[in-house]
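What follows is one structure encoded as structure tokens, with my remarks underneath.
The values are calculated or read from the model by the stated rules, or taken from the named source; none is laboratory data. A quick note: this is a predicted structure, and the numbers were derived from the prediction, not measured. Because the Cβ atoms are built from the backbone with ideal geometry, glycine has one as well, and the counts that use them run over all protein chains shown. Areas reflect the complete protein model, heavy atoms only, side chains present, ligands, DNA and RNA absent. Shrake-Rupley method; radii C 1.70, N 1.55, O 1.52, S 1.80 Å.
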Amino acid sequence: MELPLDALEARAAATGLQGIPSKVRAGERLAPADALALYRSDDLPLIGLLADEVRTRLHGDAAFYNVNIHVNYTNWCNKFCSFCAFQRRPKDEGAYCLSPDQVHEELSRANPEATEVHMVAGVWPALPYEYYLDLLRAAKAARPDIHVKAFTMVEIDQIVKTAGKPLPEVLAELQEAGLDSLPGGGAEVFSERVRRDLYPKKMGAERWIELARGIHAFGFRTNCTMLYGMTETLEERVDHLVRLRKLQDETGGFQAYVPLAFHPANTGLAHLPMPGPHERLRSIAIGRLFLDNIPHVKAYWVMLGLPVAQMALAMGADDLDGTVSQERIYHDAGAGTPEALDRPALHRLIREAGRVPVERDTLYRVRRRFDQPEEAPRPAPERPLSV
Ligand code: V47
């Protein structure tokens, strides 16, 4: 139900958000100054309500998820980002690098219902180009019908350097070997100031954007992310969103925006607090309101925690990601969420939020819509939930 606009504007006027409800109701694009006002405002109920209006317009009562598997094929990494708990040097304790055969075995044993494997990892320049091609071939050999969503822009940058070939040629060879689409990671926050301070060995915004542009032009879909809650300012968060929206105007290649809350445990920034539930929900809602050209906003439950992910469905998110399993990046950084959720658990989360579970494939084609509630609700996951 849409509330009367004058009531929304009256509330907005009291909390410094005047004019924003009218723009949202009219489907008018928000200005960067509006995004900044939303980030500065404490009025989460109003921001969430506006974002929910946009979500309803786009997706009705549907909340999407997929059945997927995560494979973090190596934690060897030479980027040494201070926000990362996953990275290791090859001789460090806990370092690993899966062979293509091991990936094959892992996927052969994984959930037979999975329609997607999400495969990302650290960057180690000594790994040969053939290794990446063999990983993809191994995934497809184990599961010929699975959609392989793999490699962040940071990995692609390294693969292109290792291959010594132009991007389109590399993409064609990766596609031939089994690559179907790419996830959204590696963007962190586009601020050059934050990059120099916290992840100076990683590529800057210009290169990330150049690669995403080339990948979209080639024909692959990707997602996009923003890692927030480190030392970036609110202005820098807005600048990140502006750049994503601009690129999407140009290419249309982003399917979903996934705001990623910083997890400090076991990282070089362990003294920082994790963004609280209020901030996590606000980031979802602002993403929905500002990124008017990106169809989906994902509440990645592994990172948000289950209660916040569920509430995010009422504040602009239309997607929970998937069943997931074997995820290491967030669990190494202290995420208290379960290792995986099965389909009934995801359905329960979605139904409790008043939405209808819709299983999608990676490209958001609907596989099944579950209008009828399941007969027997399943018990809650055994591990404690993080909030
Ligand atoms: O690239 C790493 C971030 C990303 C931490 O596209 C951290 O569908 C918070 O991109 N705290 C990987 N964030 C995850 C990712 C992702 C996840 C789910 C779905 C999709 C998608 C993409 O996680 C990394 C980095 O930006 N990250 N360490 C940390 N300590």
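List of remarks:
- Sparse-neighbourhood loop sites, GluC sites (Glu not before Pro) in the range 1-63 - DSSP loop, at most 11 other Cβ within 10 angstrom: 2
- According to the calculation over all Cα-Cα pairs in the range 287-338, the P(r) per 10 Å bin from zero is 25, 48, 25, 2 %.
- Å² of accessible area per residue within the range 66-225, as computed with a 1.4 Å probe and no ligands counted: 39 Å²
- Its Cα gyration tensor gives the chain an equivalent ellipsoid. The semi-axes, each the square root of 5 times an eigenvalue, are 32, 24, 20 Å from largest down.
- Bins of 10 Å from zero: percent of alpha-carbon pairs in the range 197-253: 20, 51, 26, 3
- Loop-located trypsin sites (Lys or Arg not before Pro) across the range 47-102 with a Cβ neighbour count of 15 or fewer within 10 Å are 91, with loop assigned by DSSP.
- Choice from 337, 233, 152 with maximal GNM fluctuation in the chain (Cα, 10 Å cutoff): 233
- A Cβ-based charge dipole, computed about the Cα centre of the range 85-177 with Lys and Arg at +1 and Asp and Glu at -1, lands at about 200 debye.
- What the Cα atoms of the range 247-320 give is an Rg and a Dmax of 13.3, 39 Å.
- Expressed as a whole percent, the proportion of Cα-Cα pairs in the range 1-77 lying more than 16 Å apart is 58%.
- If you take the alpha carbon atoms of the range 50-121 and fit the smallest convex hull around them, that volume is 146 Å³ per residue.
- When +1 charges are put on Lys and Arg Cβ atoms and -1 charges on Asp and Glu Cβ atoms, the dipole computed for the chain relative to its Cα centre reaches about 340 debye.
- In the range 224-281, the C-alpha radius of gyration followed by the widest Cα-Cα span (Dmax) gives 13.2, 39 angstrom.
- Beta-bridge orientation, the chain: approximately 15 percent antiparallel, per DSSP, counting only bridges with both partners inside.
- Averaging 1/r over every pair of different alpha carbons in the range 111-248 and inverting the result gives a Kirkwood radius of 15.8 Å.
- Across the accessible surface of the chain, with the other protein chains kept in place and a 1.4 Å probe, carbon and sulfur atoms take up 54 percent.
- Under the simplified labelling scheme, the residue 372-residue 207 pair shows an inter-label distance of 5.4 nm, with each label point 7 Å from Cα along Cα→Cβ.
- As a size descriptor, the averaged projected area of the C-alpha convex hull of the range 1-141 was calculated at 13.2 nm².
- Ligands, DNA and RNA excluded, the heavy atoms of residue 22 present near 50 Å² of accessible surface to a 1.4 Å solvent probe.
- Measuring between alpha carbons in the structure, the pairs from 79/161; 23/246; 79/298; 161/201; 161/202; 149/246 lying more than 21 angstrom apart are 79/298; 149/246.
- Two-decimal Rg/Rh across the range 201-330, once Rg and the Kirkwood Rh are taken from alpha-carbon atoms: 0.95
- Once you divide the Cα radius of gyration of the range 82-139 by 2.2 N^0.38 Å, the number left is 1.27.
- 222 nm mean residue ellipticity, helices alone, for the chain (DSSP H n ≥ 4; -39,500 (n - 2.57); rounded to 500): -12500 deg cm²/dmol
- In a DSSP loop and with at most 15 other Cβ atoms within 10 Å, there are no trypsin sites (Lys or Arg not before Pro) in the range 139-195.
- Treating each Cα of the range 307-372 as one equal point scatterer and applying the Debye formula with no solvent, the log10 of I(q)/I(0) at q = 0.13, 0.16, 0.20 Å⁻¹ comes out as -0.39, -0.59, -0.90.
- The range 104-188: projected area of the alpha-carbon convex hull, averaged over directions, in nm²: 5.5 nm²
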